[in-house]
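Structure, as structure tokens:
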Amino acid sequence: MYKTFKCLIIILIFSAKIFAQSDTIWIDELEVSAYRVPTTYSETSRVVLIITKEELDNFPANSIQEVLEYTLNVDARQRGNNGVQADISIRGGSCEQTLILLNGVKINDPQTGHHNLNIPVALEDVERIEILEGPGSRIFGPNSFSGAINIITGTKKDRNLKLSLSGGENEFYNISTGITYKFGNIKNHLSLSKKSSKGYIENTDFDISNIFYQGIITSQSGKLDLQAGYLNKKFGANSFYTPKYPNQFEHIKSKFVSVGYSTDGKIRFTPNIYWKRNHDKFELFRDNPASWYNSHNYHLTDVYGIDLNASINSKIGSSAIGADFYTEKILSNILGNPMNDTISVPGEPEGFFTHSKERQNINLFMEQSIFINKFSFSAGFLLNYNSDYLWNINPGIDISYKFSNKLKLFGSVNQSLRFPTFTDLYYVGPTNIGNPDLKPEKAITYETGIKFLNDFLRTHFSFFRRNGKNIIDWVKLQDTLKWESKNITELITNGFELSFNLSFEKLYKKDIFIKSIMLGYAYMNTEKQSGNYISKYALDYLRHKISITLQHSIYWNIGASWSFTFQDRDGTYYDYNLQKEVDYNPFMLCDTRIYWKKNFVSIYFEASNLFNTKYIDFANIEMPGRWVKGGIIFDMDIKKRNK
């Protein structure tokens, strides 16, 4: 413990000497998804974090989950790294309370938040990641309770071929290739990727494959955007859901398609149609099942809908109005209501669906943004109808004042909403009991802060308070064995964060040793009203998180990237080996990558968990120690032939 804090203090002193944070590419005029109307980053009155393409290329990471591990106020609780599974939450919320979007299209899974990042996109496909901290229900609808993450794919290049090959310890390998080619006004991007490992301990092997396509057709009237993908993921789930039966296994197949159109001009229409299917096979016993074990768990979820959005710009601001219609459906042998007839599970001769559930949502929204001199004002509401929970309204207001073009004071009040997942409602297993009578979660969040932005420095300080009611959690009494889902906990969460992002290359307008530094600190405290119940998720939050990322040159096209995070989690868990309730221990992680870049070739070596720290993100799940990898990347522009 003493060594951890000593190392942390050394890092903080080092960082203080060379100032504060990074983003080599600045995005002040980039349109971001913080409102229903198109809004540039510099105009937002909310905290929106941007992870740029350059940062993604240099991060010592192999998955989106690992990138988010080092992002301020994002809690990426991994059960297995390299993209196997992670629960992503923002500002002390749960993984069910964070909305995930792919190019602006909602992709959350109604079965469980554990599947929200089952998306057919490799890290190499990602152009940037936008993170909205705080509630987004008035913008995106239910389930954007504590924040939203928008993953943007594609490339600015018109003709490009990229090939990545890497390998490392534990028989790890990763192969990905992507081609972008533009024919006239049609731009196409196709990528394929596969990664695999035998695992760092018994039953932690994985095999993940992705296919992703994105096509953009540009015309004088607007832009048509088509995206489609397929994910096939198999992994040993050692103690993922209960330490009592560690030999668990999971196989996930996910499909996704969306078609959207956006017009240009003062009046913009952006209709979008989307569909996502997630097929989950869970085996409590990978082999040698117990005598009482009758069947694996099979789940098939479909989410499909249409989103209609219209906005108009004027001299003083923008107005938006629209609607969103979507259906959530599940077929399962355990989740939902019993069916009269069984349905065969696709691809599983011995599997049958015996339960089902379907619910519909209608979202109607309106938003008005006004910019007058130094003031900006954005207010709106989203009216939701759910076939199970009827009508709910989510209003909100954001206000800011510019002291100058670089310094802004902001504040907001927003209400948010989340519906229970099908697992919350119906799951019954050896250690869990669902509750079909759950009510939706609701919260009001108050936030204020200050931002500073210029050519080389981006920084903000913010404070927030979230008053949550009917918060859903899996809880149990001290003397009981099974976890039950209940609206048992009312939570008041207070927190603040401080972030600096400094580009020395922009500051000095030349190449120097230290290219950029990113430094962030977040603190949270939760006041609970949950009686004598022990919490499984809602009260296990990061009280302290410090994130530091440093990028620097070494010599002759050689550079390095260092990422540090210190996490101190509030909460307890039942240690299966000690047979008692214990506290989560704080820990510090360091990942590093050393790379050489010349023309279209990059060679790198990286180490995750460099100091071989023993830690857990979830109760009883051992995370990997030091893991060394290396790879080569060919990133080539394709020249256009002259006729």
Original post:
in contact with a strand residue (DSSP E or B) (Cβ under 9 Å, 6 or more places away or on another chain) and under 23 Å from T155 (Cα atoms), is that true of D225?
Top reply: yes
Original post:
Would you pick out the residues in the stretch 208-227 that are within 17 Å of V257 (Cα to Cα), within 19 Å of the chain's Cα centre (by Cα) and of a type in the set (A, V, I, L, M, F, W, C)?
Top reply: F212
**OP:** Name the one entry in L132, L117, L224, L123 that is surrounded by fewer than 18 Cβ atoms within 10 Å (Cβ to Cβ) and either of a type in the set (A, V, I, L, M, F, W, C) or under 30 Å from I444 (Cβ atoms) (or both).
**Re:** L224
Original post:
Does any residue of the stretch 71-84 turn out to be farther than 30 Å from K406 by Cβ, of a type outside the set (D, E), assigned to a loop (DSSP other than H, G, I, E, B) and in contact with a Gly (Cβ under 8 Å, 6 or more places away or on another chain)?
Top reply: no
Original post:
Among (1) at pLDDT 90 or above; (2) polar (S, T, N, Q); (3) surrounded by 24 or more Cβ atoms within 10 Å (Cβ to Cβ), which single condition is N103 missing?
Top reply: (3)
**OP:** Scan the strands (runs of 3 or more DSSP E) fully inside the stretch 85-146 and keep the ones with 3 or more residues being touching a Phe, Trp or Tyr at 6+ places or on another chain (Cβ under 6 Å).
**Re:** none
Original post:
Tell me, which strands (runs of 3 or more DSSP E) wholly within the stretch 564-643 include 2 or more residues that are in contact with a Leu (Cβ under 8 Å, 6 or more places away or on another chain)?
Top reply: 587-598, 627-637
Original post:
Of all residues in the stretch 609-627 being under 26 Å from Y245 (Cβ atoms) and among the β-branched types (V, I, T), which is surrounded by the fewest Cβ atoms within 10 Å (Cβ to Cβ)?
Top reply: I616
Original post:
Looking at K182, K157, which one is at pLDDT below 90 and touching a strand residue (DSSP E or B) at 6+ places or on another chain (Cβ under 7 Å)?
Top reply: K157
Original post:
Among the residues of the stretch 136-171 satisfying the criterion of being of a type in the set (A, V, I, L, M, F, W, C) and within 19 Å of the chain's Cα centre (by Cα), which is surrounded by the most Cβ atoms within 10 Å (Cβ to Cβ)?
Top reply: F145
Original post:
Can you name every residue in the stretch 414-444 that is assigned to a strand (DSSP E or B) and crowded, with 22+ Cβ neighbours inside 10 Å?
Top reply: N414, S416, L417, R418, E441, A443
**OP:** Identify the residue in the stretch 328-363 that is among the polar types (S, T, N, Q) and over 31 Å from the mean Cα position of the chain (by Cα) and, among all such residues, is surrounded by the fewest Cβ atoms within 10 Å (Cβ to Cβ).
**Re:** N340
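The values are calculated or read from the model by the stated rules, or taken from the named source; none is laboratory data. Remember, it's a predicted structure, so these values are computed and weren't measured experimentally. Reconstructed Cβ throughout: ideal geometry from the backbone, glycine too, with neighbour counts over all protein chains shown.
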